[in-house]
1. Please state the charge dipole magnitude for segment 147-239, taken about the Cα centre, from unit charges on C-beta atoms (+1 on K and R, -1 on D and E), reported in debye and rounded to the nearest 20.
2. Is the C-alpha gyration tensor of segment 308-353 telling us rounded, prolate or oblate? Criteria: a/c under 1.5 is rounded; beyond that, a/b larger than b/c is prolate, otherwise oblate.
3. Which of rounded, prolate or oblate describes segment 285-393 when judged by the alpha-carbon gyration tensor and an a/c cut-off of 1.5?
4. Helix 12-26: angle to the longest alpha-carbon principal axis of the chain, degrees 0 to 90, nearest 10?
5. Working out 0.36 nm times the residue gap between Glu67 and Lys100, then minus their Cα-Cα distance, what length gain in nm do you get to one decimal?
6. Using only Cα atoms, figure out Rg for segment 1-69 and give it as a multiple of 2.2 N^0.38 Å.
7. Where in segment 121-213 are there GluC sites (Glu not before Pro) that are in a DSSP coil and have at most 13 other Cβ atoms within 10 angstrom of their Cβ?
8. As a check on your grasp of the helix formula, calculate [θ] at 222 nm for the chain: sum -39500 (n - 2.57) over DSSP H runs of n ≥ 4, divide by the residue count, round to the nearest 500.
Amino acid sequence: MDRHHPYWKRDHMFKYTYCFGLGVMSMGHMKSITETQDYFYEIMEAICLPKEEWKQIFDDLNNRFEEWIDRVFLLLGGRQEQYCFLLDLYSILKRTCWAKEYCREILNDYLQVFQLSDAEKIFFENFYDAMQSADLEKAVQTVNDMNDNGYYIRYDFLAWFYPGFYMEEKRTGIRVRDGETVVLDRPVSIIGDIEVDKGGSLLIQGADIKMDGRVIVHGGRFQIDHGHVEIVKCKGDYWLSLEGTAVVVMTDTAIDCGFQCGVVWQTSGRLMIRDCWFRRSACGRMIHFSGRTIRIMDSHFSEAKAGTVRLEGTSRGIIEGCDFQDSYAEYGGAVYSDTIHDVLIQRCTFERCEARYLAAAVYFKYQKLGQQVTDCNCMACNPVQDLFFNVVS
């Protein structure tokens with residue numbers, strides 16, 4: 001199985017306990033073992049449970065059942081965890097013939113423990129039927145009906161259970177006010193800006209976003225993980241502008257600016273970027289930071305028409321394990337720093353980066369201690385002199 005399970009990033013104990021709960025259905029009867037064991041192994045692989053522990057689940061089912069089933073019920077205390085778990089149970093049920101009666105009994109036992117409403121139960125049965133018959137229209141209508149009844153289920157759960165599922169939203173201008181949380185977790189086309197007030201939260205989790213507008217955060221919370229953003233138009237110099245924020249985290253995300261703008265402009269707090277892919281920026285540096293600390297790890301940046309990173313003020317920075325390609329600026333083709341604090345750049349690669357005047361790769365405005373560039377390589381960068389300027393050994 002090439003796909004990741006929605007919970008593959010959770011901690012080890014969560015994943016083991018979760019899989020034990022599924023094992024009650026898959027490994028609890030000889031008929032179900034015969035029909036579902038291979039798929040159960042696929043789930044454990046997709047959730048990234050170490051293979052050496054797969055057999056331990058079978059042993060615990062036989063020898064420590066009461067202890068572990070109590071842990072399962074404790075783990076699955078939240079509705080979203082229960083929803084994902086039930087979809088996995090339905091996936092196991094789908095693969096049964098001889099064991100269908102036993103697996104149905106296990107499913108009903110869990111449903112009774114979770115105390116789902118009639119509307120929730122109807123949703124799971126109808127969505128299961130839609131997946132069985134590959135009826136996308138019915139699947140979408142089933143989700144809409146659930147939403148109309150006041151219930152919400154994460155999109156990545158639905159796409160995991162039904163790989164052919166696709167449901168796009170269309171939205172215009174979003175305002176996230178104090179005390180509100182908006183979660184974007186599915187394909188969505190947005191026309192207009194998203195504004196996040198102090199006390200509000202915007203969480204992007206696995207969403208595929210096409211946007212004619214920008215995101216403006218006024219002291220609120222912003223986080224993006226496993227997202228894909230395509231910027232069609234942007235009125236400002238940056239897609240994401242943040243003021244008064246404490247911590248901003250961007251992980252496992254691809255952002256294509258379409259040469260409309262830069263990616264992020266932040267004036268306070270901390271910024272952490274990991275495993276991201278940013279490309280085709282313009283108007284300003286791809287990342288402009290003047291907050292407290294920034295850490296950029298294992299990310300890839302390409303086609304930055306006005307440079308990639310700019311650090312200012314009293315910020316501290318660490319940039320490690322990153323690739324910079326085709327980045328252009330007057331000074332510091334890829335990175336420009338005039339902060340008064342320490343900056344460490346290590347294990348990075350600069351390819352085809354150019355500066356009009358000085359420092360094709362990294363430019364430090366002042367020569368001082370605490371500015372380090374280590375284990376970095378440049379390929380086809382221009383000018384070839386002073387690729388790293390004002391670096392103090």
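The values are calculated or read from the model by the stated rules, or taken from the named source; none is laboratory data. The shown structure was predicted, so the numbers you read here are calculated from the model rather than taken from an experiment. Cβ: placed from backbone, ideal geometry, glycine included. Neighbour counts: every protein chain shown. Side chains are part of the model used for accessible areas, which takes the heavy atoms of the whole protein and leaves out ligands, DNA and RNA. Shrake-Rupley method; radii C 1.70, N 1.55, O 1.52, S 1.80 Å.
1. Details: 12 positive and 15 negative charges, 33 e Å.
The calculation lands at about 160 debye.
2. Oblate shape, in that a/c is at least 1.5 and b/c is the bigger or equal ratio.
3. Values: a/c = 1.39, a/b = 1.27, b/c = 1.09.
Since a/c stays below 1.5, the shape of segment 285-393 is classed as rounded.
4. With both axes taken from Cα atoms, the answer is about 30 degrees.
5. Extra length available between Glu67 and Lys100 comes to 9.3 nm.
6. 1.04
7. Taking segment 121-213 and a limit of 13 other Cβ atoms within 10 Å, the loop GluC sites (Glu not before Pro) found are Glu168.
8. -9500 deg cm²/dmol
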